[in-house]
Amino acid sequence: MSLTLHIDEARWRANLARVAERGALVPVAKGNGYGLGLARLATEANRLGADTLAIGTYDEYDAVAGFTGNIVVLNPWRPFSHREDDRIIHTVGRLSDLEQVRGRVLLEAMTSMKRHGFTAAELRSAAQLATDRGLRVEGLSIHLPLGGGLAEVERLIDDGLAAGLAGPIWASHLSAEELAQVRQRHPGLSFRPRIGTELWLGDRGALSVSATVIDIHPIKRGESFGYRGRAANRSGHLVIASGGTAHGLGLVAPSTNAGLRDRASAMAKGSLEASGVLRSPYSWQGRQLRFAEPPHMQSSMLIVPSDLAPPTVGDQLVVQVRFTTTTFDRVEFV
Ligand SMILES: *Cc1c(COP(=O)(O)O)cnc(C)c1O
């Protein structure tokens with residue numbers, strides 16, 4: 001009675017190997033572990049032979065403790081949020097933090113994302129301060145917006161060089177082609193691509209999600225059901241399947257390009273919720289099912305229309321999920 005992620009092992013590993021071919025890869029394991037779990041990603045990073053793993057926050061350190069190499073923390077070091085360990089590499093983006101941090105650091109350059117980091121002028125002071133304080137500078141960190149572009153990378157590399165940083169450049173969100181190009185242009189510098197989504201989720205066809213049918217009841221139009229005693233607006237079967245809000249299942253089937261338009265349509269569908277015509281992420285026999293009512297904590301009530309042969313208890317429904325927001329009961333290699 002689980003929401004299960006099935007991984008086609010051979011196919012999934014082939015994608016890992018393909019991405020790792022770029023060289024000097026730093027796998028990223030953060031959040032819900034891209035749906036696969038942080039501990040599993042740590043194990044996989046070991047298998048890949050990665051010397052460094054990137055995590056999002058200091059709080060995630062324990063979950064990846066099985067990783068045998070260095071650990072870069074992507075969120076910035078702060079006086080109120082850090083952890084000391086010889087294998088941790090801190091990311092620092094403020095001079096006041098650089099005055100207090102100890103050990104190994106990446107100096108982060110502010111990109112057009114404007115999230116964290118030093119401006120070009122600050123970077124020069126930072127490099128100097130790091131030297132004065134005897135910190136071990138492990139390189140320059142660049143976190144580009146999605147589809148970042150080469151011009152910005154070149155500018156940031158120049159800023160780094162002007163600050164006297166010749167160490168590796170830890171870059172996020174460079175495409176394979178862009179990475180090859182910057183490497184070609186700067187043979188004297190080393191580049192470390194930090195990759196999460198493309199590595200773990202790059203071949204969606206290797207991943208499938210199923211939910212178990214826990215119960216099923218015939219229902220007639222007008223009959224009441226559910227937490228709110230709502231009347232069924234059509235006849236068919238009421239299916240109760242594993243997967244609910246605790247798994248991160250929302251009201252609307254996720255889209256891979258969830259933009260404004262999708263959100264607008266999600267809101268429009270929200271208003272249809274009361275009439276019981278809300279699309280769910282579940283499907284049966286290739287047909288997308290509708291929620292009978294909003295998902296419960298660990299299960300969802302769905303409507304199988306009367307023109308469709310109903311499943312039986314124990315059958316598996318196919319579920320479309322957004323991996324970075326879904327918690328699976330089980331993750332299994334097949
Ligand atoms: C999350 C994150 C990454 C990985 O991003 P993906 O899009 O999953 O590859 C890389 N760098 C930084 C700084 C991040 O926060």
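Structural remarks
- Accessible-area composition of the chain, carbon plus sulfur, in percent [1.4 Å probe]: 51
- Helix 120-132 axis versus longest C-alpha principal axis of the chain: approximately 70°, rounded to the nearest ten.
- Comparing 300, 163, 100 along the charge dipole axis of the chain, the residue lying farthest to the positive side is 300, per the Cβ-charge model.
- Only Lys, Arg, Asp and Glu carry charge here, each on its Cβ (+1 for the first two, -1 for the last two); on that basis the chain has a dipole of about 740 debye about its Cα centre.
- Net charge of the neighbourhood of residue 238, taken over other residues with C-beta under 15 Å away and scored Lys/Arg +1, Asp/Glu -1, is +2.
- Between 190, 112, 175, the GNM of the chain built on Cα springs shorter than 10 angstrom shows 112 fluctuating the most.
- The chain, relative contact order [Cα under 8 Å, separation at least 6], %: 20
- Computed about its Cα centre, the charge dipole of the stretch 99-226 is approximately 200 debye, with only Lys, Arg, Asp and Glu carrying charge at their Cβ.
- Rounded to the nearest 10 degrees, the angle from helix 9-20 to the longest Cα principal axis of the chain is 30 degrees.
- Centre-to-centre separation between the Cα atoms of the stretch 204-244 and those of the stretch 120-151: 53 Å.
- Under the combined filter of DSSP loop state and at most 15 neighbouring Cβ atoms within 10 Å, the stretch 119-189 retains these trypsin sites (Lys or Arg not before Pro): 133.
- Note that the chain presents 47 Å² accessible area per residue, ligands and nucleic acids not counted, probe 1.4 Å.
- Between residue 166 and residue 59, the FRET efficiency from the beta-carbon distance, with R0 = 35 Å, is close to 0.60.
- Taken over the C-alpha atoms, the stretch 30-130 has Rg and Dmax values of 14.4, 41 angstrom.
- Sum of side-chain charges, residue 110 neighbourhood, beta-carbon under 12 Å (Lys, Arg +1; Asp, Glu -1): 0
- The equivalent ellipsoid that matches the C-alpha gyration tensor of the stretch 105-243 spans semi-axes of 54, 18, 13 angstrom, in descending order.
- Pair residue 8, residue 227: separation of 7 Å Cα→Cβ label points (nm): 3.7
- Of all segments of the chain bounded by chymotrypsin sites (Phe, Trp or Tyr not before Pro) found in a DSSP loop with no more than 11 other C-beta atoms within 10 Å, the longest spans 81-226.
- Between helix 260-272 and the chain there is an angle of about 30 degrees, using the helix long axis and the longest principal axis of the Cα atoms.
- Overall dimensions of the chain as given by Cα atoms, namely Rg and Dmax in Å: 24.1, 77
The values are calculated or read from the model by the stated rules, or taken from the named source; none is laboratory data. Note that the structure is a prediction, hence the values are computed from the model and not measured. In this analysis, Cβ positions are derived from the backbone assuming ideal geometry, glycine residues included, and neighbour counts consider all displayed protein chains. Note: areas computed on protein heavy atoms with side chains; ligands, DNA, RNA excluded. Shrake-Rupley method; radii C 1.70, N 1.55, O 1.52, S 1.80 Å.
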